[in-house]
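Written out below as structure tokens is the structure these notes cover.
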Amino acid sequence: MDFLEINADLHIHSKYARAVSKRMEIPILAEQAKLKGVQFLGTGDCLHNKWLAHLKENLKGEGIYTYRESETKFVIEVEVQDKDRVHHVILLPSFSKAEELREKLLGYSDNLDADGRPWLRIGGEKIAEFVLESEGLFGPAHAFTPYFGIYAHFNSLKECYGKYSEKISFLELGLSADSYLADKISELHRLTFLSNSDAHSPYPLRLAREFNRFKIKEFSFEELKKALLQKDGRKVILNCGFYPEHGKYHLSRCKKCLTFYKLEDAKKLNWRCRNCRGTINKGVKDRILELSDCEGNQERPKYTHIYPLTEIIATAYSIKSFYSKTVSEIWEKFIKKFGNEIKVLIDSPIEELKKIDKKVGEYIEAFRKDEIQQIPGGAGVYGKLLPLKKEPDVEFFKYRQKGLGEY
Ligand SMILES: [Zn+2]
Ligand SMILES: [Zn+2]
């Protein structure tokens with residue numbers, strides 16, 4: 001049997017999680033995943049009773065599940081928050097294992113059904129024990145983000161997962177980090193990195209805005225497990241996602257007036273803003289630099305930087321709203337020609353793209369050559385792409401970014 005190369009986004013949420021679109025349902029996800037170009041999705045929120053019922057009603061299969069005749073496959077997945085406010089991603093091999101885990105966790109949560117991302121009164125070690133009993137896989141979600149990442153609360157994997165730290169199957173980078181940054185921490189070298197979207201809406205602007213390309217033999221939970229554990233030639237061969245600068249927690253920044261700070265200055269100021277006395281939020285980059293004990297890891301699969309096509313089109317044409325008619329018309333032209341967004345962003349020749357739209361083709365070319373200019377993100381505000389060859393005017397964008405309603 002030959003190897004398959006498939007694009008996967010293994011962490012999303014359902015309409016039953018806080019601040020998530022009501023359109024986050026399986027039929028819509030299956031259809032939008034095809035337009036985006038991902039073949040494999042996490043279900044999100046599988047411990048929530050209503051979402052679990054929706055999943056069982058819509059998905060058929062064993063280990064890996066399919067919606068009707070669609071090409072989109074799903075793995076049973078949930079993100080949970082532990083007693084230390086650390087988020088974990090969990091992948092499970094069947095509905096019955098999800099039900100089993102739910103039963104066990106009922107006693108450790110005030111209400112498992114209050115939010116698709118449940119809050120648990122236990123720590124990472126106990127969660128790991130339960131997941132292993134259910135033959136599942138687990139790893140920290142968006143590991144470096146300031147409020148809910150493992151490294152916001154701990155200095156090592158072991159501090160969180162205790163005796164199960166060797167059993168972690170992956171680490172999710174989150175939007176504000178990439179492989180190159182994360183590999184400055186040597187305890188992570190052995191782990192597969194996942195770049196997932198954590199999407200709260202099913203459209204290609206959000207779904208699989210970060211994704212992973214897997215090399216596996218077939219769609220099965222066993223194959224997924226082998227790939228995450230890098231066994232028998234199965235593995236992640238490519239991570240794709242934002243430039244870390246685009247993430248909303250990338251640099252250290254004042255939460256109130258959005259002034260950026262270097263790590264040493266923020267420390268000297270005891271994390272109080274020099275201008276407004278607001279709190280300085282420690283960025284992902286500085287947190288990684290604090291923990292850094294090496295230069296990197298040459299063995300790691302490539303990390304390709306991309307943004308959603310809608311955002312690229314809007315920036316190339318200096319259109320403020322990603323939802324404008326012009327933007328969607330150009331987007332549709334590309335999808336009609338190339339079939340899906342990922343093919344446009346990373347797989348198709350630039351010359352072919354320019355035939356559809358020169359400006360957008362040039363912008364994607366700049367991505368592939370790493371010639372993008374942008375205002376970095378920080379303190380909960382996403383970064384902002386700039387038109388080509390425009391110097392970033394940080395002072396100006398600092399205030400404009402506050403009003404970027406789309407985010
Ligand atoms: Zn989370
Ligand atoms: Zn300030």
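Let a ≥ b ≥ c be the square roots of the eigenvalues of the Cα gyration tensor of segment 89-132; is it rounded (a/c under 1.5), or, if not, prolate (a/b larger than b/c) or oblate? If you can, show how the numbers build up before the last one.
Working: a/c = 1.65, a/b = 1.17, b/c = 1.40.
It is oblate, given that a/c is not under 1.5 and a/b is not larger than b/c.
Rg to Rh ratio, segment 275-316, alpha-carbon atoms and Kirkwood radius? All intermediate terms of the calculation are to be shown ahead of the outcome.
Working: Rg = 17.0 Å, Rh = 14.6 Å.
Rg/Rh for segment 275-316 comes to 1.17.
Taking the mean number of other Cβ atoms within 10 Å as a proxy for protection, how do you rank 323-331, 91-99, 8-16 from highest to lowest?
Order by mean packing, descending: 8-16, 91-99, 323-331.
Please enumerate, by chain and number, the aspartates and glutamates with C-alpha under 14 Å from the C-alpha of Lys163, excluding those fewer than 8 residues away in the same chain.
Glu125, Glu129
Which net charge results when you count Lys and Arg as +1 and Asp and Glu as -1 among the other residues whose beta-carbon is under 15 Å from that of His54?
Details: positive: Lys15, Lys22, Arg23, Lys50, Lys56, Lys60, Arg68, Arg102; negative: Glu25, Asp45, Glu57, Glu77, Glu99, Asp113.
Local charge sum for His54: +2.
Provide the convex hull volume over Cα atoms per residue for the chain, in Å³. Please list the in-between numbers first.
Numbers: hull volume 58.3 nm³, N = 407.
Cα-based convex hull of the chain, divided per residue, equals 143 Å³.
Could you tell me the largest-minus-smallest coordinate of the C-alpha atoms of segment 42-84 on each of the three principal axes, in descending order and whole angstroms?
On the principal axes, segment 42-84 reaches 41, 17, 14 Å in Cα extent.
Among bridges DSSP assigns within the chain, what percent are antiparallel (round to 5)?
On the way: 34 of 49 bridges.
Just about 70 percent of them are antiparallel.
What residue among Leu207, Leu188, Leu224 has the largest mean-square fluctuation in a Gaussian network model of the chain, using Cα springs under 10 Å?
Checking each option, the largest mean-square fluctuation is seen for Leu188.
Contact order normalised by length for segment 252-291, with contacts defined as Cα pairs under 8 Å and 6 or more residues apart; what percent is it?
Working: 51 pairs, mean separation 18.1, N = 40.
About 45 percent, as a whole number.
State the Cα centre-to-centre distance between segment 335-374 and segment 76-113 in whole Å.
40 Å
Can you give the extra length, in nm with one decimal, that the chain gains between Asn49 and Asp232 once fully stretched, where that is 0.36 nm per residue apart less the Cα-Cα distance? Spell out each step's value before the answer.
Values: separation 183, 0.36 × 183 = 65.88 nm, distance 3.64 nm.
Extra length from Asn49 to Asp232 when fully extended: 62.2 nm.
Return an integer: the convex hull volume of the alpha-carbon atoms of segment 80-176, in Å³ per residue.
Working: hull volume 9.1 nm³, N = 97.
That works out to 94 Å³ per residue.
Could you name the aspartates and glutamates in cross-link range of Lys262, using Cα to Cα under 13 Å and dropping any fewer than eight places away on the same chain?
Asp286, Glu290
Using Stokes-Einstein with the Kirkwood hydrodynamic radius over Cα pairs, what translational diffusion coefficient do you get for segment 1-151 at 4 °C and a viscosity of 1.567 mPa s, in µm²/s rounded to a whole number? Mind dumping the intermediate values first?
Working: Rh = 15.6 Å.
The diffusion coefficient I find is 83 µm²/s.
Under 12 Å from the Cβ of Asp347, count the other residues' Cβ atoms, weight Lys and Arg +1, Asp and Glu -1, and hand me the total.
Values: positive: Arg213, Lys343, Arg368; negative: Glu5, Glu341, Glu352.
Cβ neighbours under 12 Å give a net charge of 0.
Under a point spin-label approximation (7 Å from Cα along Cα-to-Cβ), what is the Leu4-Glu125 distance to one decimal in nm?
Output for this residue pair reads 3.9 nm.
Go through Lys248/Lys285; Lys256/Lys325; Lys355/Lys384; Lys217/Lys336; Lys256/Lys282 and tell me which ones have a Cα-Cα distance over 23 Å in this structure. Mind showing how you got there, number by number?
Values: Lys248/Lys285 11 Å; Lys256/Lys325 34 Å; Lys355/Lys384 27 Å; Lys217/Lys336 29 Å; Lys256/Lys282 13 Å.
Lys256/Lys325; Lys355/Lys384; Lys217/Lys336, as the Cα separations exceed 23 Å there.
Which order do the peptides 17-30, 210-223 take when ranked by the mean count of other beta-carbon atoms within 10 Å per residue, highest first? Let's see the in-between values first.
On the way: 17-30: 16.9, 210-223: 20.4.
Listed from highest to lowest mean packing, they are 210-223, 17-30.
Size of the dipole of segment 252-291 about the Cα centre, Lys and Arg at +1 and Asp and Glu at -1 on the beta carbon, nothing else charged, in debye to 20?
Values: 12 positive and 4 negative charges, 39 e Å.
Roughly 180 debye, rounded to the nearest 20.
Please compute the net charge surrounding Val80, taking Lys and Arg as +1 and Asp and Glu as -1 over other residues with Cβ under 14 Å from its Cβ. Before the final figure, lay out the partial values.
Working: positive: Arg18, Lys83, Arg85, Arg102, Lys104, Arg117, Arg121, Lys126; negative: Asp45, Glu77, Glu79, Asp82, Asp84, Asp110, Asp113, Asp115, Glu125, Glu129, Glu172, Asp198.
My count for the surroundings of Val80 gives -4.
For the chain, what relative contact order do you get, as a whole percent, if you take Cα pairs closer than 8 Å and at least 6 residues apart?
On the way: 916 pairs, mean separation 62.1, N = 407.
Relative contact order of the chain: 15 percent.
Calculate the radius of gyration of the Cα atoms of segment 238-373 to one decimal place, then report Dmax, the largest Cα-Cα distance, as a whole number, both in Å.
Rg then Dmax for segment 238-373, in Å: 19.0, 54.
Would you mind computing the Rg to Rh ratio of segment 206-264 from its alpha-carbon coordinates, Kirkwood style for Rh?
Values: Rg = 18.0 Å, Rh = 14.4 Å.
Across segment 206-264, the Cα-based Rg/Rh ratio is 1.25.
Would you mind getting me the FRET efficiency between Glu222 and Lys256? Use the beta-carbon distance for r and R0 = 51 Å, nearest 0.05.
Working: r = 50 Å, r/R0 = 0.98.
The calculated FRET efficiency here is 0.50.
Where nothing but the Cβ of Lys and Arg (+1) and of Asp and Glu (-1) is charged, how large is the charge dipole of the chain around its Cα centre, in debye to the nearest 20? Spell out each step's value before the answer.
On the way: 67 positive and 60 negative charges, 291 e Å.
Dipole of the chain, to the nearest 20 debye: 1400 debye.
On full extension of the chain, what length is gained from Lys325 through Lys163, given 0.36 nm per residue of separation minus the C-alpha to C-alpha distance?
Working: separation 162, 0.36 × 162 = 58.32 nm, distance 5.40 nm.
So the extension gain works out to 52.9 nm.
Summarise the accessible area of the chain (1.4 Å probe, protein heavy atoms) by the percent that is carbon and sulfur.
Working: 8310 of 17280 Å².
It is 48 percent, rounded to a whole number.
Could you work out the equivalent-ellipsoid semi-axes for segment 252-291, taking the square root of 5 times each eigenvalue of the Cα gyration tensor, largest first, in whole Å?
Numbers: eigenvalues 56, 20, 9 Å².
Computed over segment 252-291, the values are 17, 10, 7 Å.
Once Lys and Arg get +1 and Asp and Glu get -1 on their Cβ, which of Leu207, Ala53, Leu309 lies farthest toward the positive end of the dipole of the chain?
Leu309
Can you find, among Ser179, Gln39, Ile288, the residue sitting farthest towards the positive end of the charge dipole of the chain, where Lys and Arg contribute +1 and Asp and Glu -1 at Cβ?
Checked the options; the winner is Ile288.
With r defined as the distance between the Cβ atoms of Leu269 and Asp113 and R0 fixed at 45 Å, what FRET efficiency is calculated, to the nearest 0.05? Mind showing how you got there, number by number?
On the way: r = 43 Å, r/R0 = 0.96.
Once the sixth-power term is evaluated, E becomes 0.55.
Can you tell me the length gained on complete extension of the stretch Arg68 to Asn155, counting 0.36 nm per residue apart and subtracting the Cα distance? Write out the running numbers ahead of the final one.
Values: separation 87, 0.36 × 87 = 31.32 nm, distance 4.47 nm.
Result for the pair: 26.8 nm of gain on full extension.
Skip the ligands, DNA and RNA, and give the accessible area per residue of the chain with a 1.4 Å probe, whole Å². Present the calculation step by step, with values, prior to reporting the outcome.
Details: 17280 Å² over 407 residues.
Result: 42 Å² per residue.
The values are calculated or read from the model by the stated rules, or taken from the named source; none is laboratory data. Everything quoted here is computed from the prediction, not taken from an experiment. Note that each Cβ is placed from the backbone with ideal geometry, even for glycine, and that neighbours are counted across all protein chains shown. Accessible surface is based on the protein model in full, side chains and every heavy atom, while ligands, DNA and RNA are left aside. Shrake-Rupley method; radii C 1.70, N 1.55, O 1.52, S 1.80 Å.
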